[in-house]
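Report on the following structure.
The values are calculated or read from the model by the stated rules, or taken from the named source; none is laboratory data. Predicted model, so just to flag it, every value in this text is computed and none were measured. Because the Cβ atoms are built from the backbone with ideal geometry, glycine has one as well, and the counts that use them run over all protein chains shown. Heavy atoms of the whole protein, side chains included, go into the accessibility calculation; ligands, DNA and RNA do not. Shrake-Rupley method; radii C 1.70, N 1.55, O 1.52, S 1.80 Å.
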Amino acid sequence: MLLAVAAAFFAVTVAYCCYSVYFYGGRWVANPYNPRISSRKQSVIMGTVTDRDGAVLAYTDESGSRRYNGSEATRRAVSQVIGDSGGKASTGVDTFHAQYLLGFKASIFERLGDAITGTTQRGDDLQLTVSAQLSRYISEQFPAGKRGAVVVLNYRTGEILSMVSMPQFDPTDMDSALEDEEAGALINRATQGLYPPGSTFKIVTLAAALENLPDLDSFAFDCTGYYPVGSYAVTDNSAHGVQSLSSAFTNSCNTTFAALSQELGYSMLGATAERFGFNQNFLFDDLIVYNSSYPIDGLSAEDLAWSAVGQGRVLATPLHMAMIAASVANGGVMNEPRLLRRITTPQGGTRPLPASDTGWRVMSESVAARLETEMIRVVKSGTGTHAALGNGYVVAGKTGSAEVSDDKSVAAHAWFVGYITNDNAPYAICVLVENGGAGGTVAAPLARRTLQKAINLGL
């Protein structure tokens, strides 16, 4: 019996080790503290990194030193995406994709060829999906002195067209970035920043209601601006009066959605949130994304009400919220975000891109279609009018103003998530401005300018 127990324990340990290596091995290799990384840099010429248009973002010069784009504006705009030579920004490409850039993926024949010819081994070159031009434009347009992030995705392919985090750093002057650690420039707020999503989470709550509650076409709720629940109350800035489901979403009525949450309960709202990716461990091959969370422990009536409007203990990254918008655009399918566009070997061949999930369904097509209708209405006549584009382009979106203090003494985080519905411009976007104020007046205009620039660039 003891032998059987020991054998079972050993089998479980081996299985767990195999699981860990399979899912986390790439992250362990890319850890900046891995001595093999620093050792490899001494004997291998690190590969070049370019943007989707071929602009060089990082390269190794003849002396073996790591260099970055000649424009400081460009270096800063893509700083958290690229990282730095010392691995201080550990989620950047220069560190996270060191397995390619430092030749770890080279075959035995490629290494043997270098040894025979006496050639110093060179790592693979990487072309990214991001546009340096769009990233630079977003950086210039971002509200001065504010922190936050902007993510632009191609919702058909999952390609990340831009991922800007503010504040930024210059990889050629890391001393300045390290001296001002309080600014947090080394943090990629698009993937590592966890924020209350505010009213942008109403996309998830509305999806849960559409999936689970009957007779919503006749739904009506009288918003007085105050909805008591438990020992607290959910409030609005004004009384909206009698609200249908559509008008409540268009006007971003907190009390209506708080009331909906009490009908849904955690069993339905929580299940929908988890299908949308909350509480899930995103182990993407191309980049590290922190896990968004929806509370599942000790949920009280007031916690449930606040969670339905994206407050309380609900937290999300800007990239995840962009993925949620993209899933609506894709008819309910969420795609894995992609950062690598092409991997070129030193011999001029190509290496296969990491396998990606082909997409997973988070809601039905009918629910996604209804959400799109409601999100279009938000931009046409609701809180998101400042995100509207002209020239026949239709934008669907949702604003958010996430409170970060009980007494509202600190300005809210300004959010906008959405996408262009036109097939020739499949762009989804998330804008977050920390302590920016109202999403409709701060984040939505930046989203409009960014989407227009993406169209002009023809990405």
Leaving out ligands, DNA and RNA, what percent of the accessible area of the stretch 301-340 is carbon and sulfur, probe 1.4 Å? 58
Between Lys380 and Ser107, the FRET efficiency computed from the C-beta separation at R0 = 45 Å comes out, to the nearest 0.05, as 0.25
Value of [θ]222 nm, deg cm²/dmol, for the chain, DSSP H segments ≥ 4, -39500 (n - 2.57) each, nearest 500: -11500 deg cm²/dmol
What is the gain in length, in nm to one decimal, between Glu62 and Asp173 on full extension, counting 0.36 nm per residue of separation less the C-alpha to C-alpha distance? 37.9 nm
So what is the relative contact order of the stretch 93-211, in percent, for Cα pairs below 8 Å that sit 6 or more residues apart? 17
With a probe of 1.4 Å, find how much accessible area the chain has per residue, and write the answer as a whole number in Å². 42
Farthest towards the positive end of the dipole of the chain, among Ser356, Met323, Gly439 and with Cβ unit charges of +1 on Lys and Arg and -1 on Asp and Glu, lies the Cα of Ser356
What is the local net charge at Ser247, summed over the other residues whose Cβ is closer than 14 Å to its Cβ (Lys, Arg +1; Asp, Glu -1)? -1
Give me the percent of accessible area attributable to carbon and sulfur for the stretch 25-152, probe 1.4 angstrom. 49
Counting only protein heavy atoms and using a 1.4 Å probe, what share of the accessible area of the stretch 408-458 belongs to carbon plus sulfur, as a whole percent? 46
Which percent, to the nearest 5, of DSSP beta bridges fully inside the chain are antiparallel? 90
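Can you give me the relative contact order of the stretch 296-367 as a percent, contacts being Cα pairs under 8 Å and 6 or more apart?
That works out to 26 percent.
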Have a look at Gln121, Gly148, Thr50 and report the one farthest towards the positive end of the charge dipole of the stretch 48-161, computed about the Cα centre with Cβ charges (Lys/Arg +1, Asp/Glu -1). Gly148
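State the extension gain, in nm to one decimal, for the chain segment bounded by Ala6 and Gln141, taking 0.36 nm per residue of separation less the distance between their alpha-carbons.
Values: separation 135, 0.36 × 135 = 48.60 nm, distance 6.19 nm.
Contour length minus Cα-Cα distance gives 42.4 nm.
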Long pairs among Lys41/Lys88; Lys146/Lys408; Lys146/Lys380, criterion Cα-Cα beyond 20 Å: Lys146/Lys380
Given charges at beta-carbon only (K, R positive; D, E negative), |dipole| of the chain in Debye: 1020
Between Glu274 and Ser71, 0.36 nm times their residue separation minus their Cα-Cα distance comes to what? 68.9 nm
Please state the charge dipole magnitude for the stretch 176-228, taken about the Cα centre, from unit charges on C-beta atoms (+1 on K and R, -1 on D and E), reported in debye and rounded to the nearest 20. 120
Radius 13 Å from Cβ of Glu372, net charge of other residues (Lys, Arg +1; Asp, Glu -1): +2
Mean Cβ count within 10 Å, highest first, over the residues of peptides 84-90, 112-118: 84-90, 112-118
When only C-alpha pairs under 8 Å and at least 6 residues apart count, what is the relative contact order of the chain, in percent? 15
Separation between the Asp285 and Thr350 pseudo-spin-labels, each 7 Å from Cα along Cα→Cβ, expressed in nm? 1.4
When the charge dipole of the chain is computed with +1 on Lys and Arg Cβ and -1 on Asp and Glu Cβ about the Cα centre, the Cα farthest towards its positive end, among Cys223, Met166, Tyr137, belongs to Tyr137
